[in-house]
Protein chains: 2
Amino acid sequence: MADEVGLAKLTLAALADRLGVRQPSLYKHIDSMAGLQRDMAVHAKRDLGGVLARASVGRSGADAISSMSHAYRDWARAHPARYEASNLMPAPGDVEDEAVSLEAVQLIADVLAAYNLEGDDAIDAIRAFRATLHGFVSLETSGSFALAADVDRSFDRLVRGFIAALAQWTGDTAAS
Amino acid sequence: MADEVGLAKLTLAALADRLGVRQPSLYKHIDSMAGLQRDMAVHAKRDLGGVLARASVGRSGADAISSMSHAYRDWARAHPARYEASNLMPAPGDVEDEAVSLEAVQLIADVLAAYNLEGDDAIDAIRAFRATLHGFVSLETSGSFALAADVDRSFDRLVRGFIAALAQWTGDTAAS
DNA sequence: CCGTTTGGCTAATGTCAATAGCTAAAGCTG
DNA sequence: CAGCTTTAGCTATTGACATTAGCCAAACGG
């Protein structure tokens, strides 16, 4: 239900209303507002992780990257509030949240593995991939792409551009 | 002062406290919470716009892109709450906000002009550039880059990658 | 010097998260 | 089956916050 109103506007009062229940009753099921958001975050990360895993199965290299990218964007657009929640950082010491967060990053690492990047090169590539996807999706869902131009096409172009950049990742540093 | 506590936690009560004033007194200077955030957004966009303009003056091509990118990230890290505010969309009909938002995008368009992109190609590139910068900065400031690897280096690598992608922007679509 | 603007104030309201303490039904357990 | 326990709801209350109404005094301009 959260996706309908936006994560920020998901109020316990409204939620209780929707469930036909008084709002203190919710505390029999959740810990606090923060706890609810954490739970949503864990759920969302697991869900997104599953989608990404499914998108990359049986593919590799540029094909896998492209497929995963589109799956990422599609999922985010279908569930904007869940997407927001999926970007919340785990609280330090929250083992479950940390684990599921790590899994998602691991999926990205796996899909980039075909490029044989080592050590920091690999980390740079993972960060770049995450930044590319998150940046686009975040701007898109916040309505920052005002112009009429086709957004699907822009995203496709961006993904292709990232793949092209990846191909010459190693040694990039030297070539100023 | 907002950068100290984070945009979300900037409460009118706390603000009044900091100013040594009772909180209803604030309404003599602002319209509402939403109005305050709008004002901060306009301010932030103007400020960021100025920084970006200064970073690109006298440069062109890859040099200008790199300089602007680093200025963008530096500014965002120095003023995290202002950065958040700068990403708020203008309300429809808010002429001033719309104008200053457009100016910032225009700066990016100008710096990409050296690549002679036309029409939708240019729009795609602008969107890609914004996504790249925002994605990285947003993940970084939210603490999503947990690993020890040098973040400066990752950003540099990302910017180089974007520039490389730009160089082969046109015709990208054809080459699957 | 007087009216007006400016910028503060108290008092009050409404929304929300959160806590305490009560109660009835459901589910076990011997 | 009888009795204890867990579960899941409830009312009442508190405290933080945004917001509005209405009051007042100092500063300011003709």
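Just a few scattered comments:
- All positions within segment A:74-95 that are in a loop (DSSP other than H, G, I, E, B) and either under 14 Å from residue B:139 (Cα atoms) or touching a Leu at 6+ places or on another chain (Cβ under 8 Å) (or both): A:87, A:88, A:89, A:90
- For residue B:102, the requirement of being more than 22 Å from residue A:146 (Cα to Cα) and of a type outside the set (D, E, K, R) is not met.
- Among the conditions (1) within 10 Å of DNA strand D (Cβ to nearest atom); (2) within 24 Å of the chain's Cα centre (by Cα); (3) buried (at least 16 other Cβ atoms within 10 Å of the Cβ), residue B:41 misses just one, which is (1).
- If you go through segment B:57-77 and pick out every residue that is surrounded by fewer than 18 Cβ atoms within 10 Å (Cβ to Cβ) and in contact (Cβ under 8 Å) with a residue 40 or more places away in the chain, you end up with 4.
- Of all residues making up segment B:13-28, the number that are of a type outside the set (S, T, N, Q), within 11 Å of DNA strand C (Cβ to nearest atom) and surrounded by 11 or more Cβ atoms within 10 Å (Cβ to Cβ): 6
- Residue satisfying all of: in segment A:96-119; among the polar types (S, T, N, Q) and surrounded by fewer than 19 Cβ atoms within 10 Å (Cβ to Cβ); nearest to residue B:142 (Cα to Cα) among these: A:106
- Total residues in segment A:144-161 satisfying the condition of being modelled with pLDDT of 95 or more and among the small types (Gly, Ala, Ser): the figure is 3.
For every residue, the table says whether it meets (1) within 16 Å of DNA strand C (Cβ to nearest atom); (2) within 14 Å of chain A (Cβ to nearest Cβ); (3) β-branched (Val, Ile, Thr).
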| position | (1), (2), (3) |
| --- | --- |
| B:1 | yes, no, no |
| B:32 | yes, no, no |
| B:54 | no, no, no |
| B:70 | no, yes, no |
| B:86 | no, yes, no |
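- Check on residue B:122, among the aliphatic types (A, V, I, L, M) and within 19 Å of residue B:60 (Cβ to Cβ): yes
- Screening residue A:36 on (1) more than 14 Å from chain B (Cβ to nearest Cβ); (2) within 16 Å of DNA strand D (Cβ to nearest atom); (3) surrounded by fewer than 17 Cβ atoms within 10 Å (Cβ to Cβ) shows it passes everything except condition (3).
- Residue A:140 vs. criteria part of a helix (DSSP H, G or I) and more than 15 Å from residue A:76 (Cβ to Cβ): no
- Taken over segment A:147-160, the criterion of being in a loop (DSSP other than H, G, I, E, B) and either in contact with a strand residue (DSSP E or B) (Cβ under 9 Å, 6 or more places away or on another chain) or under 12 Å from residue B:126 (Cα atoms) (or both) is satisfied by A:147, A:149.
- Enumeration of residues in segment A:1-46 that are assigned to a loop (DSSP other than H, G, I, E, B), free of Cβ contacts under 8 Å to residues at least 60 places away in the same chain and closer than 11 Å to residue A:82 by Cα: A:1
- Residue check for residue B:150: among the charged types (D, E, K, R) and surrounded by fewer than 18 Cβ atoms within 10 Å (Cβ to Cβ): yes
- Subset of segment B:107-148 that is among the acidic types (Asp, Glu) and over 19 Å from the mean Cα position of the chain (by Cα) - its residue that is farthest from the other protein chains (Cβ to nearest Cβ): B:118
The values are calculated or read from the model by the stated rules, or taken from the named source; none is laboratory data. The structure displayed is predicted, hence computed values, not measured ones. Note that we place each Cβ from the backbone using ideal geometry, even for glycine, and neighbour counts take in every protein chain shown.
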